[in-house]
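The values are calculated or read from the model by the stated rules, or taken from the named source; none is laboratory data. Note that this is a predicted model, so its numbers are computed, not measured. Because the Cβ atoms are built from the backbone with ideal geometry, glycine has one as well, and the counts that use them run over all protein chains shown.
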Amino acid sequence: MEEEAGQGRSCAMSGGGGSSMDLLPPPGAITLEQLQGDFEEEDEEEDEEEECQEDRLLAYWQGVGRGHQVEVPPDMAEPIQQLTRNNQAQDRETVPFTVINRKEKFGELLYEKRHYGPSKWACVNAQEEQYEQSICLGFMKIMRYICEQNSSGLYLGMTVPIVTVVHTEEAVPDIRRLVTVAYRLPSELQDRPPEPCDPDISIQEWPPATVYARGFRGVTNEGTIAREITSLAELLESPELYVRDTFVVAGYTNPASANRQNEIWFLEKPEAAFQL
């Protein structure tokens, strides 16, 4: 009886006769230990590849930053990687608006009149020597807020455009140094926006606004903004329609992009009496 019981135990473990050789894998078979080792090697390779990509992206942004006399610190590597990873069109929410009318000439869109509803924005002020320095530094702060440096500890999601509020003298389009860089909170976070970890960022509720929007491409600096302000002013029927000392530059691509997609917005006077 003892012998039979022993054979039973052997059969239950090996699935066959009582030889210990039955526990060995057939020639050429892959063991669980080997599979686990392969998975660990793949994970290590993926981690190394991700680190290399982070390094490449950071180096690219640092090169762009140097061109604008802006230092991009190493701790920006992760936010840059996160935004790059979530940079497909389906990953970005466009700030909602209603088109009131459009002005075209020979099939070319000259400008669009839009209505934007009230919404909450994360805002940061910047006052550097050059406009490009201000928007780069402001955008980096906004990036950190989007990429987990907030009270929820989560990636918030990208919305476009990122806007920069600029101020000029009423008579001339010279840009003042103080600008505001702002990011509209995604729709699902409008009711309860996460608090920023950075005290320089504030959550503000902007009232409804009607804007005149005209698109342009390329870099945004004091010269191009002044030119675009002049171009749109010439297209509008009357200077009494809009505020003449506050304008919005809307960016649909990040400041490191070589061929940015931008818009200049004029604020219609009746709905723009607030201070941005």
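Name the single residue, out of those in region 130-147 being of a type outside the set (Ser, Thr, Tyr) and free of Cβ contacts under 8 Å to residues at least 60 places away in the same chain, that is surrounded by the fewest Cβ atoms within 10 Å (Cβ to Cβ). Result: Ile142.
Is region 184-195 home to any residue that is in contact with a helix residue (DSSP H, G or I) (Cβ under 7 Å, 6 or more places away or on another chain) and of a type outside the set (Gly, Ala, Ser)? Among the residues of region 184-195, not one is in contact with a helix residue (DSSP H, G or I) (Cβ under 7 Å, 6 or more places away or on another chain) and of a type outside the set (Gly, Ala, Ser), which makes the answer no.
Of the candidates Ala226, Ala250, the single residue that is surrounded by 15 or more Cβ atoms within 10 Å (Cβ to Cβ), of a type in the set (Gly, Ala, Ser) and assigned to a helix (DSSP H, G or I) is Ala226.
Suppose we keep only residues that are charged (D, E, K, R), in contact with a strand residue (DSSP E or B) (Cβ under 8 Å, 6 or more places away or on another chain) and touching a residue at least 40 places away in the same chain (Cβ under 8 Å) within region 153-210. Which one would you say is nearest to Thr98 (Cα to Cα)?
Restricting to residues being charged (D, E, K, R), in contact with a strand residue (DSSP E or B) (Cβ under 8 Å, 6 or more places away or on another chain) and touching a residue at least 40 places away in the same chain (Cβ under 8 Å), the top hit is Arg184.
Residues of region 196-211 that are within 18 Å of Gln261 (Cβ to Cβ) and of a type in the set (Ser, Thr, Tyr): none at all. Regarding region 100-109, can at least one residue be identified that is touching a His at 6+ places or on another chain (Cβ under 8 Å), in the same structural domain as Glu263 (by TED's automatic domain parsing), closer than 29 Å to Gln190 by Cα and at pLDDT 95 or above? Checked region 100-109: at least one residue is touching a His at 6+ places or on another chain (Cβ under 8 Å), in the same structural domain as Glu263 (by TED's automatic domain parsing), closer than 29 Å to Gln190 by Cα and at pLDDT 95 or above.
Between Val124, Val72, Val64, the distinction of being within 19 Å of the chain's Cα centre (by Cα), outside the structural domain of Ser202 (by TED's automatic domain parsing) and crowded, with 20+ Cβ neighbours inside 10 Å belongs to Val72 only. Any chance you could count how many residues in region 185-206 are surrounded by 14 or more Cβ atoms within 10 Å (Cβ to Cβ) and part of a helix (DSSP H, G or I)? Total satisfying the criteria: 1.
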